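The next block holds one structure in the form of structure tokens; read it before the comments.
The values are calculated or read from the model by the stated rules, or taken from the named source; none is laboratory data. Everything numeric here is computed off the predicted structure, so don't read it as measured data. Quick reminder, even Gly has a Cβ in these numbers, built from the backbone with ideal geometry, and neighbours come from all protein chains shown.
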Amino acid sequence: MIGYILKRLGLALLVALAVSAITFFLLRLSGDVALAIAGEGAQKEDLDLIRKTYGLDRPLVVQYVDWLWQTLQGNFGTSLYFKTDVSRLVLDKLPTTIILGFTALGFALLISIPLGVLAAVYANSWIDRLALAIAVVGQALPNFFFALILVMVFSITLRWLPVSGSGTWLHFIMPTIALGYYVAPAFMRLIRAGMIEVLSADYIRTARAKGLPTHKVIFKHALRNAVVPVVALTAVQLGFLLGGSVVIETIFALDGLGYLAYQSITYKDFPVMQIIVLLLSILYVLLTLASDIANAWLDPRIRVA
């Protein structure tokens, strides 16, 4: 088990390193950092001076190695637009994104597990078709469009919920629903498929033959084994929720990493963009690593393989 964990950890570090390099080069190719610092209309002499001062006249590989070394030492640089330390800026916004990610994941599991179980128990019935229809709509409907519908209904028409901001728990209700509903169909289909397979197993038929109540057969024996694959998907979807909250946070003006990423892209704040992408990629890799370890612990066949 320790060897498996070390192998997966080494692979995770390589992935994070590759993401940091790709992000660094793509951001540098997308615009001129010196121009972003000096502003539009800057003279050529000013741009040359800025490039020399910040080392932007050096080869990109040298710049990347220097940036990576500074990052490993905890020096993330200074924001070009906000004029503050990048690490402090990112850490101030991170809790909002984490809260949104976990609440959206909880909402997705809250609606997907009952729907998946009902769809499997009443397979090929109208309940099954209704659950599948809800899943199809959730995956086909863009989350930004669904978010706008929620705003129109609950903020503008009914005036129940605030449109934007992150001051109270009420501000997180619509973003949680919009983001969680988008990932719920994947959980629902996986649970439905797992439950249908488990319900046809021999030990389930034996449990029913012994006269166990239906709810015990479903929830204590069938669901317990059907949710094992959900562990891996949960970690992956949580990483997706943390990294994919840019649109939702921008629509609802939540003061999190997603909205900060949008502002950084708008103002070409390269140091902030670089750290946000690196941080979210590391979180995603660590969550995937945690799911691999959990699956290996739950299923010894994975460790053997």
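Output the number of the condition that Ser125 fails; it satisfies all remaining conditions of (1) of a type in the set (Ser, Thr, Tyr); (2) without any contact (Cβ under 8 Å) to a residue 24 or more places away in the chain; (3) in contact with an Asp or Glu (Cβ under 9 Å, 6 or more places away or on another chain).
Failed condition: (3).
Working only within segment 128-164, note down all residues that are over 23 Å from Asp255 (Cβ atoms), surrounded by 13 or more Cβ atoms within 10 Å (Cβ to Cβ) and among the polar types (S, T, N, Q).
Passing the criteria: only Gln139.
Can you find a residue in segment 84-106 that is without any contact (Cβ under 8 Å) to a residue 40 or more places away in the chain and over 23 Å from the mean Cα position of the chain (by Cα)?
yes
Take Gly10 and tell me if it is part of a helix (DSSP H, G or I), in contact (Cβ under 8 Å) with a residue 60 or more places away in the chain and of a type outside the set (Phe, Trp, Tyr).
In short, no.
May I ask you to list the residues in segment 262-279 that are of a type in the set (Ser, Thr, Tyr) and buried (at least 23 other Cβ atoms within 10 Å of the Cβ)?
Ser264 - this is the single residue of segment 262-279 that is of a type in the set (Ser, Thr, Tyr) and buried (at least 23 other Cβ atoms within 10 Å of the Cβ).
Any residue at all in segment 13-29 that's out of contact with any Asp or Glu (no Cβ under 8 Å at 6 or more places or on another chain), buried (at least 17 other Cβ atoms within 10 Å of the Cβ) and farther than 30 Å from Thr288 by Cα?
No, the conditions are met nowhere in segment 13-29.
Listed here are the residues, each with its yes/no results for (1) modelled with pLDDT under 75; (2) surrounded by fewer than 23 Cβ atoms within 10 Å (Cβ to Cβ); (3) in a helix (DSSP H, G or I); (4) touching a Lys or Arg at 6+ places or on another chain (Cβ under 9 Å).
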| residue | (1), (2), (3), (4) |
| --- | --- |
| Pro175 | no, no, yes, no |
| Gly180 | no, no, yes, no |
| Leu190 | no, yes, yes, no |
| Lys220 | yes, yes, yes, no |
| Pro229 | no, yes, yes, no |
| Ala232 | yes, yes, yes, no |
| Val247 | no, yes, yes, no |
| Leu260 | no, no, yes, yes |
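Test Leu241 against the criterion of being over 16 Å from the mean Cα position of the chain (by Cα), in a helix (DSSP H, G or I) and in contact (Cβ under 8 Å) with a residue 40 or more places away in the chain, and give yes or no.
no
Which one of these is at negative phi and within 24 Å of the chain's Cα centre (by Cα): Val137, Val153?
Testing whether each residue is at negative phi and within 24 Å of the chain's Cα centre (by Cα) leaves just Val137.
If a residue must be part of a loop (DSSP other than H, G, I, E, B), out of contact with any strand residue (DSSP E or B) (no Cβ under 9 Å at 6 or more places or on another chain) and of a type in the set (Ser, Thr, Tyr), how many such residues does segment 84-138 contain?
Qualifying residue count, segment 84-138: 2.
Confirm whether Gly101 is of a type outside the set (S, T, N, Q) and exposed (fewer than 14 other Cβ atoms within 10 Å of the Cβ).
Considered against the rule, which asks whether it is of a type outside the set (S, T, N, Q) and exposed (fewer than 14 other Cβ atoms within 10 Å of the Cβ), Gly101 comes out as no.
Suppose we keep only residues that are of a type in the set (A, V, I, L, M) and in contact with a Phe, Trp or Tyr (Cβ under 8 Å, 6 or more places away or on another chain) within segment 208-235. Which one would you say is farthest from Tyr284 (Cα to Cα)?
Only one residue tops the list, namely Val230.
Does segment 202-226 hold any residues that are of a type outside the set (S, T, N, Q), farther than 15 Å from Pro114 by Cβ and touching a residue at least 12 places away in the same chain (Cβ under 8 Å), and which are they?
Result: Tyr203, Ile204, Ala207, Val217, His221.
Out of the residues in segment 192-215 that are out of contact with any His (no Cβ under 9 Å at 6 or more places or on another chain), among the hydroxyl-bearing types (Ser, Thr, Tyr) and in a helix (DSSP H, G or I), which is surrounded by the most Cβ atoms within 10 Å (Cβ to Cβ)?
Out of the qualifying residues, it is Thr206.
Condition test on Phe76, is it touching a strand residue (DSSP E or B) at 6+ places or on another chain (Cβ under 8 Å), in contact (Cβ under 8 Å) with a residue 40 or more places away in the chain and within 17 Å of Asp269 (Cα to Cα)?
yes
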